[in-house]
1. Here are some residues: Asp314, Asp320, Asp266. Which one is within 16 Å of the ligand (Cβ to nearest atom) and either open to solvent by 50 Å² or more (accessible area, probe 1.4 Å) or not hydroxyl-bearing (Ser, Thr, Tyr) (or both)?
2. As an exercise: evaluate Tyr229 against (1) within 13 Å of the chain's Cα centre (by Cα); (2) more than 16 Å from the ligand (Cβ to nearest atom); (3) aromatic (Phe, Trp, Tyr) and give the number of the one condition it does not meet.
3. Of all residues in segment 226-267 being touching a strand residue (DSSP E or B) at 6+ places or on another chain (Cβ under 9 Å) and among the hydroxyl-bearing types (Ser, Thr, Tyr), which is farthest from Val189 (Cα to Cα)?
4. Just checking: which of the helices (runs of 4 or more DSSP H) contained wholly in segment 62-168 hold 3 or more residues that are of a type in the set (A, V, I, L, M, F, W, C) and open to solvent by 10 Å² or more (accessible area, probe 1.4 Å)?
5. Return the total of residues in segment 251-279 being of a type in the set (A, V, I, L, M, F, W, C) and in contact (Cβ under 8 Å) with a residue 60 or more places away in the chain.
6. How do the pairs read when you match residues in segment 288-315 that are on the phi > 0 side of the Ramachandran plot with residues anywhere that are within 16 Å of the ligand (Cβ to nearest atom) and not in a helix (DSSP H, G or I), using Cβ under 7 Å and keeping only pairs 6 or more apart or on different chains?
7. Regarding segment 239-247, can at least one residue be identified that is within 12 Å of the ligand (Cβ to nearest atom) and either more than 17 Å from the chain's Cα centre (by Cα) or open to solvent by 30 Å² or more (accessible area, probe 1.4 Å) (or both)?
Amino acid sequence: MLYRHRTLDTPRGPLSTPVLFPVRNIGKRSTDNTPEYADSIPDLPTAMVNARAIRRRKPQWERLQHEATLREEMNVPEETIVFADSGGFDFHSEKLDTTPTETLETQQQIGADILGTVDLPLNREYRTEKKQRRIQRSIEYALTASDSHDGDELLFASVHGYDPETIRNTIRYLDRNGSFDGFAIGSLVPIRTDYKKTTKLILAARQATEKHLHVYGLGGIVYQPLLLYLGVDSFDSSSFIRSAGNRNYLLPGFGGRELGKIEELDRLPCSCPVCGSRTFEEVRADRGLLTIHNLWALAIELRRFRYMVAAGEDIEAYLDLRFRGNEVTHRAYLTAKQQVRRLT
Ligand SMILES: [Zn+2]
């Protein structure tokens, strides 16, 4: 097992890892519905925001420059550790509407603690040549950011590639030629159902660096235990919001379940502050409550894994049991296990 427990020193204080950065949709006009969680889930003093979306939303950007802090706008404590990605996921065209330096300025102006470099994500449909071009440009943007960055914030280079060698070489090249506190692997969301490929890419990254490793976009309920097993230090997810929108109830060990399909039930099988005291109907009827429960489900998943490690339990046996219920993810875990065993 490659799981590791560390402390990441951020400008806002130490952060115990591995950890989840819940995605905050601040800046995105239509979906400003992230619930408050910072006070109720103490082990998630974290948030992931999209620097580009915030800057493009003019009234908010005005307020942020003059009267308000980002954390006030999000209604979270000032100690909240914020990871601002560049918003690369929106750059599906070849035209970039920002520069590495402008993104860095935005990330610093909003008071982010961790800055992800500008990147051009890949799509599996792209031809090899186009993928190469985008990978190369992401490398150049990361190095430009490294040259312009002189603050206390942590700088994570965003890394892309659809084969292990590219991931490994990119990380090593960036480490030699720039100054980065960690690396963040992107472009995995479009290939996430190809578990074998995805875990190979993550393992290649883990092998290429001892530094902090973040995985963009895969911190949902199914992937999280795999990421922990593979030694990933942090991940982010918006699945708790999206699932709630579809009335999906996240359950550790089971994944998402549609509440609409259940006819008769008094109570839900969870003891979080949402489900513990409410009836099934109350939770099902309220999207905000569902969102908070779903975030709790992610936090509980992480707590369980940490507990199993701290208690000295056999993690491989635990995961074997956890993934039993779903053939696809069970196979994925077995593949990951083989790959890890070859390394250790
Ligand atoms: Zn719950």
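The values are calculated or read from the model by the stated rules, or taken from the named source; none is laboratory data. No experiment lies behind these values; they were computed from the predicted model shown. All Cβ positions, glycine included, derive from the backbone under ideal geometry; neighbour counts span all protein chains shown. Please note that ligands, DNA and RNA were not included when accessible areas were found on the heavy atoms of the full protein model with its side chains. Shrake-Rupley method; radii C 1.70, N 1.55, O 1.52, S 1.80 Å.
1. Numbers: Asp314 fails: within 16 Å of the ligand (Cβ to nearest atom); Asp320 fails: within 16 Å of the ligand (Cβ to nearest atom).
Unique residue meeting the criteria: Asp266.
2. So the condition that Tyr229 fails would be (1).
3. Taking the candidates together, the pick is Tyr249.
4. Working: elements: 70-74, 100-109, 128-148.
In segment 62-168, 128-148 are the helices (runs of 4 or more DSSP H) which contain 3 or more residues that are of a type in the set (A, V, I, L, M, F, W, C) and open to solvent by 10 Å² or more (accessible area, probe 1.4 Å).
5. Narrowing segment 251-279 to residues of a type in the set (A, V, I, L, M, F, W, C): 251, 254, 259, 262, 265, 268, 270, 272, 274-275.
Filter again for in contact (Cβ under 8 Å) with a residue 60 or more places away in the chain, leaving 254.
The total comes to 1.
6. Between residues of segment 288-315 that are on the phi > 0 side of the Ramachandran plot and residues that are within 16 Å of the ligand (Cβ to nearest atom) and not in a helix (DSSP H, G or I), there is no close pair.
7. Taking segment 239-247 as the starting set, the residues that turn out to be within 12 Å of the ligand (Cβ to nearest atom) are 240, 244.
Subset that is either more than 17 Å from the chain's Cα centre (by Cα) or open to solvent by 30 Å² or more (accessible area, probe 1.4 Å) (or both): 244.
Yes, because at least one residue in segment 239-247 is within 12 Å of the ligand (Cβ to nearest atom) and either more than 17 Å from the chain's Cα centre (by Cα) or open to solvent by 30 Å² or more (accessible area, probe 1.4 Å) (or both).
Yes/no per residue for (1) aromatic (Phe, Trp, Tyr); (2) in contact (Cβ under 8 Å) with a residue 40 or more places away in the chain; (3) farther than 19 Å from Arg134 by Cβ:
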{"position": "Gln60", "(1), (2), (3)": "no, no, yes"}
{"position": "Gln65", "(1), (2), (3)": "no, yes, yes"}
{"position": "Glu73", "(1), (2), (3)": "no, yes, yes"}
{"position": "Ser86", "(1), (2), (3)": "no, yes, no"}
{"position": "Gln108", "(1), (2), (3)": "no, yes, yes"}
{"position": "Leu122", "(1), (2), (3)": "no, yes, no"}
